[in-house]
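The structure appears below as structure tokens.
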Amino acid sequence: MSVRVRLAPSPTGKLHIGTARTAVFNWLFARHQGGTFVLRIEDTDLERSRSEYTQNILDGLTWLGLTWDEGPFYQSQRLELYQQKVQDLLDQGLAYRAYDTPEELDAMREAQKANNQAPRYDNRHRDLTPEQEAAFLAEGRKPVIRFKIDNDREIAWNDLVRGTVSWKGRDLGGDMVIARAAESDQVGQPLYNFVVVVDDIDMQISHVIRGEDHIGNTPKQILLYEALGASVPEFGHTPLILNQAGAKLSKRDGVTSISDFQNMGYTAEGLVNYMTLLGWSPPEGMNEIFSLEEAAQQFGFERVNKAGAKFDWDKLNWINSQYLHHMPIDQLTDRLIPVWQAAGYEVAPTDQAWLEQLTALVAPSLARLEEAVPMTRYLFVADVGFTEAATAQLQLDNVATALQGIITALEATPSLTAENVQDVIQAGMKAANVKKGVVMKSLRAALTGDLQGPDLVQSWLLLNQHQMDLPRLRQALAVAESKA
Ligand code: GLU
């Protein structure tokens, strides 16, 4: 049997990290098995589905490198098939029309609550006579369609992650609604548990790999496979991603969508590597830094954990930094250019050599691409502004004199190099008769506006190449001289 898996996101929000991690496991399993990865957009909920979310999901998966082999298929375009299948179940007597009003259902649940019973549909319309149906219709009621669930059934499957899972029919909430209310001669909008099974059968899905939050749907779906006369696929329910408090990671935890991680400056490679580790342990001896292809060679469900996986920012940052630190400088530069541009920095395409030097300067300190924006601001803006600490440094005794000495020497040294820069520094020391440490600290304050940052001499050389150092030093001198 050929392996066919699918990702079935609902476009009711941006691509969530949990869905993306499910996509990772599906992708890895498909690649490992030489199988097919199908993408299906579950957009039957017309009120909550939006095309911009579909686009966000497609873009996110593409960015992460989780390419699909078939699809995207859209459930909204397959309504007729679902309605036909509902009709088949009706015709076989496996489903029926139920005419309960919302008020009646509420009253039923209230009564169950009062008796300390779990809420469930009590199957009261399972065996209506034609006369009873006609009477309900005469009242103007619109029926839903319910699928019969045998209370005495025991449903079990061998989960790829969790081993044997079994469920009792009586715990499934009674006969389940598979299509929304409609006129009695029509089939209303079919619902999730039903359409997912129709599609998984139609798309010949061999392994349903999805988040643990769907585990309660699986027994109902197994019954539907049987009713539809199809063989039941394998199921694997992957552990949820948890927040620091151990609860399911949700929108309330802040950043949870893939495009947000992208905007924060994570690399696709780093993020996908981290997501793989959220729930999967690589075999002994395998490096924690790996590509999707490398992980696919090793991937199997025996190394997927049952327990939820805690989201760990430090680990993500560390993994991402490994990608940034080891990326060839020209490639990293290409990734930083749009980040700098988005920050409003003027980046000239003719400036590749300068940009690459700059990239090399900051690369070792980067965990995220975005961090390059504040880190390099002093190299892009004309008016850097001096922090309080930098201002205090500039206003120490003798600093103005040292800066004046540096400015004079620099004016006579139009093109600064790693060698002649030392002479300019010496000139500053001599002019004010101060130690090198004082001059270097003051130079950092003057050139970068702050007391810490990337290598000072390299920074200066870069400023010099853009003729930004003299104006900056003159601004700093003004600050130094403005001391009260
Ligand atoms: N549309 C469902 C979701 O987004 C997919 C469930 C499934 O994989 O069966 O959660």
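The table below lists the values:
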{"item": "C-alpha long axis of helix 79-91 to longest principal axis of the chain, angle in °", "result": "30"}
{"item": "Range in the chain, longest, excluding exposed GluC sites (Glu not before Pro) [loop by DSSP; at most 11 other beta-carbon atoms within 10 Å]", "result": "184-283"}
{"item": "Largest-first principal axis extents, alpha carbons of the chain, Å", "result": "107, 49, 42"}
{"item": "Length added when fully stretched, E293-D106, from 0.36 nm per residue minus Cα-Cα", "result": "62.1 nm"}
{"item": "Helix axis angle, 456-465 relative to the chain longest principal axis, alpha carbon, degrees", "result": "80"}
{"item": "Calculated from backbone phi, Karplus (6.51, -1.76, 1.60) coupling profile of the range 375-385 in Hz, x at Gly/Pro", "result": "5, 10, 4, 4, 8, 10, 9, 6, 10, 6, x"}
{"item": "Whole-angstrom Cα spans of the range 279-431 along principal axes, big to small", "result": "71, 35, 31"}
{"item": "Using a Förster distance of 22 Å, the FRET efficiency for Q244-A389 (Cβ separation, nearest 0.05)", "result": "0.10"}
{"item": "For the chain, calculated [θ]222 nm from helices alone, where every DSSP H run of n ≥ 4 adds -39500 (n - 2.57)", "result": "-14000 deg cm²/dmol"}
{"item": "Cα long-axis angle, helix 420-432 against the chain (0 to 90 degrees, to the nearest 10)", "result": "60"}
{"item": "5 angstrom amide H check on R6, placed H, neighbours 5+ away", "result": "V38, I209"}
{"item": "Residues D312 and S184, FRET efficiency given R0 of 51 Å [Cβ-Cβ distance, rounded to 0.05]", "result": "0.40"}
{"item": "The range 378-465: trypsin sites (Lys or Arg not before Pro) falling in loop per DSSP and having at most 15 other Cβ within 10 Å", "result": "K435"}
{"item": "Spin-label model distance (nm) - L81 vs Q426, 7 Å beyond Cα toward Cβ", "result": "8.0"}
{"item": "With eigenvalues of the C-alpha gyration tensor scaled by 5 and rooted, the range 175-323, Å", "result": "36, 19, 14"}
{"item": "Per-pair calculated FRET efficiency, R0 = 51 Å: K436 and M264 via Cβ, rounded to 0.05", "result": "0.85"}
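Each reported figure results from applying straightforward, stated rules to the coordinates on display, with no laboratory input. It should be emphasised that the depicted structure is a prediction, and the values quoted were computed from it without experimental measurement. Don't worry about glycine lacking a Cβ; one is built from the backbone with ideal geometry, like all the others, and counts go over all protein chains shown.
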